[in-house]
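The structure appears below as structure tokens.
Each reported figure results from applying straightforward, stated rules to the coordinates on display, with no laboratory input. Here the structure is a predicted model, which is why all the values come from computation and not from measurement.
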Amino acid sequence: MAAVGISLVVTSGLLHAVWNLFAKRSLDKTAFLWWMQVVATLVYLPWAAPALLRGAIPADGWWLLVLAVLAHALYVTLLSRTYAAGDLSQVYPVMRGVSPLLVPVIGVTLLGERLSMPGWLGVCSIVAGIWILGDWRTGRADDGGKRAGRRAFRLALAVGLSIACYTSLDKVALRYVPAVSLNDAGNLANGLALSWAAVRSRAVASEWRVNRNTILLGGVIAPGGYLLFLYALHLLPLARVAPMREIGIAFGAILGIAVLKEGRGARRIAAAGIITAGVVLLGMFG
């Protein structure tokens, strides 16, 4: 079971990095992400709706479902603003790096899970690799650049906090709600949360015209990747699964170097190796 869970998490991380690359390359981040949520909701609705409509979810499950989808909606709203404010190489490691630090603490302290010493070393290795990957300078020499860099950094931290929040809520909600239903409810909430901003952007039509193919692909793989992660949560403890998913940062670094032609390739590849070592420690000994 552990091998299956690890495979699901690694694949989920890869898919996450790919659709974030799509979002960063889009013309209007809010319109692109809104379209992705619309596509995702429609694609997965035939599997998600029956479980929600047949009345099998208890009252506690509905409350958890509402809290979880609200956390997802906050995440996607902050994500669109973060990608509009900062570079991929700056904000992606920051927002994905907060969760591996917080989620194991939540899993151990609130959910009664345990991590071995090698498991904690794996968490530390992942966080260290993320730190190396991140562009932690908060601005350039001019005041305007500093303000923009600090704003992007704060937004990325807020995204990371929302990731830790929705991941923990999803872990508990899975006791009552099927994974595909939980996932698609989040897609719907994300789309609703972005609707007003997408309309105000006046870029909905142009974004679809220019990026239709990546919108369709992202609308399938983004929720598909998270669905794999939710299934992995059934097999492994939250404290192990959540940090392991951040191997997507290594994939993101490789995609940034190969596709976006970003610099600091040697440093980022080395950091990706450190993250991978952390994932191996968690997977084998966590």
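Descriptive notes on the structure:
- Distance histogram in 5 Å bins (all Cα pairs of the chain, percent per bin): 1, 6, 12, 17, 20, 17, 14, 8, 4, 1, 0, 0
- For segment 1-74, the fraction of alpha-carbon pairs in successive 5 Å shells from zero, as %: 3, 12, 12, 18, 21, 19, 11, 4, 1
- Segment 42-134: C-alpha pair distances exceeding 16 Å, %: 71 percent
- Between segment 95-110 and segment 155-220, the alpha-carbon centres lie 21 Å apart.
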